[in-house]
Amino acid sequence: MDGEEPDSVGDPSNPPPEELHIIQDPVAAFYGRLRRSIQALKNELQQQQPPSEAGRVLRTLNKIIRNVSENPGEMKFKKLRKGNQVMQTHIMPYKAAVEILKLIGFCDDDDDDGWGESESFLTLKRNDPGILWLAKSSLEEHMP
(Lines give C-alpha, C1' and ligand atoms only; values in the text may rest on other atoms or scores of the structure.)
Protein backbone atom coordinates (compact mmCIF):
# COMPACT_ATOMS: atom_id res chain seq x y z
CA MET A 1 0.00 0.00 0.00
CA ASP A 2 3.04 2.30 0.03
CA GLY A 3 2.70 5.20 -2.37
CA GLU A 4 -1.08 4.83 -2.67
CA GLU A 5 -3.39 7.69 -1.74
CA PRO A 6 -5.71 7.01 1.19
CA ASP A 7 -9.22 6.01 0.27
CA SER A 8 -11.65 8.82 1.18
CA VAL A 9 -14.73 6.61 0.95
CA GLY A 10 -16.53 6.77 4.26
CA ASP A 11 -14.48 9.76 5.45
CA PRO A 12 -17.08 12.41 6.40
CA SER A 13 -14.44 15.16 6.41
CA ASN A 14 -13.68 14.54 2.72
CA PRO A 15 -16.95 13.85 0.87
CA PRO A 16 -16.80 13.11 -2.85
CA PRO A 17 -17.56 16.08 -5.16
CA GLU A 18 -20.94 14.71 -6.24
CA GLU A 19 -22.10 14.70 -2.60
CA LEU A 20 -20.97 18.30 -2.16
CA HIS A 21 -23.13 19.34 -5.13
CA ILE A 22 -26.16 17.69 -3.53
CA ILE A 23 -25.65 19.92 -0.49
CA GLN A 24 -24.26 23.10 -2.07
CA ASP A 25 -26.72 23.54 -4.94
CA PRO A 26 -29.87 23.82 -2.78
CA VAL A 27 -28.07 26.02 -0.23
CA ALA A 28 -26.81 28.34 -2.97
CA ALA A 29 -30.31 28.52 -4.47
CA PHE A 30 -31.85 29.25 -1.06
CA TYR A 31 -29.24 31.90 -0.28
CA GLY A 32 -29.86 33.59 -3.64
CA ARG A 33 -33.63 33.70 -3.02
CA LEU A 34 -33.05 34.98 0.52
CA ARG A 35 -30.75 37.78 -0.64
CA ARG A 36 -33.24 38.81 -3.35
CA SER A 37 -36.08 38.83 -0.79
CA ILE A 38 -34.06 40.94 1.67
CA GLN A 39 -33.21 43.40 -1.11
CA ALA A 40 -36.87 43.51 -2.17
CA LEU A 41 -37.83 44.25 1.44
CA LYS A 42 -35.27 47.04 1.66
CA ASN A 43 -36.60 48.54 -1.59
CA GLU A 44 -40.19 48.23 -0.36
CA LEU A 45 -39.29 49.92 2.93
CA GLN A 46 -37.32 52.74 1.27
CA GLN A 47 -40.33 53.59 -0.88
CA GLN A 48 -42.86 53.53 1.94
CA GLN A 49 -41.23 54.18 5.29
CA PRO A 50 -38.70 56.40 7.08
CA PRO A 51 -35.38 54.72 8.03
CA SER A 52 -36.45 54.26 11.65
CA GLU A 53 -39.45 52.13 10.59
CA ALA A 54 -37.28 50.13 8.19
CA GLY A 55 -34.97 49.30 11.10
CA ARG A 56 -37.94 48.15 13.22
CA VAL A 57 -39.13 45.82 10.46
CA LEU A 58 -35.66 44.26 10.05
CA ARG A 59 -35.23 43.95 13.84
CA THR A 60 -38.66 42.31 14.15
CA LEU A 61 -37.82 39.74 11.49
CA ASN A 62 -34.46 39.10 13.13
CA LYS A 63 -36.10 38.66 16.54
CA ILE A 64 -38.63 36.16 15.16
CA ILE A 65 -35.84 34.11 13.60
CA ARG A 66 -33.61 34.39 16.69
CA ASN A 67 -36.46 33.28 19.01
CA VAL A 68 -37.20 30.23 16.87
CA SER A 69 -33.54 29.23 16.57
CA GLU A 70 -32.78 29.74 20.28
CA ASN A 71 -35.98 28.01 21.45
CA PRO A 72 -36.61 25.21 18.94
CA GLY A 73 -39.00 23.33 21.23
CA GLU A 74 -41.23 26.31 22.09
CA MET A 75 -44.40 26.40 19.99
CA LYS A 76 -45.13 30.00 20.99
CA PHE A 77 -42.23 31.12 18.78
CA LYS A 78 -43.20 28.84 15.89
CA LYS A 79 -46.77 30.11 15.57
CA LEU A 80 -47.16 33.78 14.66
CA ARG A 81 -50.68 35.19 14.87
CA LYS A 82 -51.22 37.38 11.81
CA GLY A 83 -53.62 39.58 13.80
CA ASN A 84 -50.99 40.38 16.44
CA GLN A 85 -50.27 44.13 16.57
CA VAL A 86 -46.53 43.72 15.92
CA MET A 87 -47.20 41.42 12.98
CA GLN A 88 -49.84 43.84 11.62
CA THR A 89 -47.50 46.81 11.94
CA HIS A 90 -44.04 45.42 11.07
CA ILE A 91 -44.48 42.26 8.99
CA MET A 92 -47.83 41.74 7.24
CA PRO A 93 -47.84 45.06 5.30
CA TYR A 94 -44.62 44.07 3.53
CA LYS A 95 -44.86 41.33 0.94
CA ALA A 96 -41.10 40.69 1.07
CA ALA A 97 -41.11 40.34 4.88
CA VAL A 98 -43.76 37.61 4.65
CA GLU A 99 -41.81 36.03 1.79
CA ILE A 100 -38.68 35.85 3.97
CA LEU A 101 -40.62 34.07 6.72
CA LYS A 102 -42.07 31.63 4.19
CA LEU A 103 -38.61 31.01 2.74
CA ILE A 104 -37.30 29.88 6.12
CA GLY A 105 -40.21 27.50 6.66
CA PHE A 106 -43.26 29.42 7.89
CA CYS A 107 -46.55 28.51 6.18
CA ASP A 108 -50.04 30.01 6.19
CA ASP A 109 -52.22 28.26 8.73
CA ASP A 110 -55.73 28.73 10.12
CA ASP A 111 -57.01 27.59 13.49
CA ASP A 112 -60.68 27.06 14.19
CA ASP A 113 -61.54 27.88 17.79
CA GLY A 114 -64.48 25.45 17.80
CA TRP A 115 -67.02 28.27 17.86
CA GLY A 116 -66.92 28.91 14.14
CA GLU A 117 -64.25 31.58 14.42
CA SER A 118 -61.01 31.10 12.56
CA GLU A 119 -57.71 32.84 13.21
CA SER A 120 -54.83 33.08 10.73
CA PHE A 121 -51.25 32.26 11.61
CA LEU A 122 -47.84 31.80 10.08
CA THR A 123 -46.61 28.50 11.49
CA LEU A 124 -43.06 27.18 11.23
CA LYS A 125 -43.36 23.77 9.55
CA ARG A 126 -39.68 23.29 8.67
CA ASN A 127 -37.31 23.97 11.56
CA ASP A 128 -33.87 23.84 9.93
CA PRO A 129 -31.16 25.37 12.16
CA GLY A 130 -28.85 25.97 9.18
CA ILE A 131 -31.48 27.91 7.25
CA LEU A 132 -32.42 29.88 10.36
CA TRP A 133 -28.78 30.79 10.99
CA LEU A 134 -28.24 31.82 7.37
CA ALA A 135 -31.38 33.99 7.39
CA LYS A 136 -30.50 35.58 10.73
CA SER A 137 -26.94 36.42 9.72
CA SER A 138 -28.08 37.71 6.31
CA LEU A 139 -30.61 40.03 7.94
CA GLU A 140 -28.03 41.28 10.45
CA GLU A 141 -25.86 42.46 7.55
CA HIS A 142 -28.64 44.87 6.55
CA MET A 143 -29.72 46.09 9.98
CA PRO A 144 -28.95 49.68 10.98
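The values are calculated or read from the model by the stated rules, or taken from the named source; none is laboratory data. Since the model is a prediction, treat every value here as computed from it, not as a measurement. Every residue, glycine among them, receives a Cβ derived from its backbone with ideal geometry; neighbour counts consider all protein chains shown. Ligands, DNA and RNA are excluded from the accessible area calculation, which covers all protein heavy atoms including side chains. Shrake-Rupley method; radii C 1.70, N 1.55, O 1.52, S 1.80 Å.
Do we have any residue at all in region 1-8 that's modelled with pLDDT of 90 or more and either farther than 17 Å from V98 by Cα or in contact with a Leu (Cβ under 8 Å, 6 or more places away or on another chain) (or both)? No, region 1-8 contains no residue that is modelled with pLDDT of 90 or more and either farther than 17 Å from V98 by Cα or in contact with a Leu (Cβ under 8 Å, 6 or more places away or on another chain) (or both). Being within 10 Å of the chain's Cα centre (by Cα), open to solvent by less than 20 Å² (accessible area, probe 1.4 Å) and touching a residue at least 12 places away in the same chain (Cβ under 8 Å) narrows it down to one of L58, L103, so name that one. Just one listed residue meets the conditions, L103.
Of note, E74 does not satisfy the criterion of being surrounded by fewer than 19 Cβ atoms within 10 Å (Cβ to Cβ), in contact with a Gly (Cβ under 7 Å, 6 or more places away or on another chain) and either more than 19 Å from E141 (Cβ to Cβ) or modelled with pLDDT of 95 or more (or both).
Taken as a whole, the condition of being open to solvent by 50 Å² or more (accessible area, probe 1.4 Å) and at pLDDT 95 or above applies to M92. Residues in region 9-51 that are acidic (D, E) and within 23 Å of the chain's Cα centre (by Cα) were compared, and the one that is modelled with the highest pLDDT is E44. Listed conditions (1) free of Cβ contacts under 8 Å to residues at least 12 places away in the same chain; (2) outside any strand (DSSP E or B); (3) surrounded by 11 or more Cβ atoms within 10 Å (Cβ to Cβ) are all met by D111, apart from (2).
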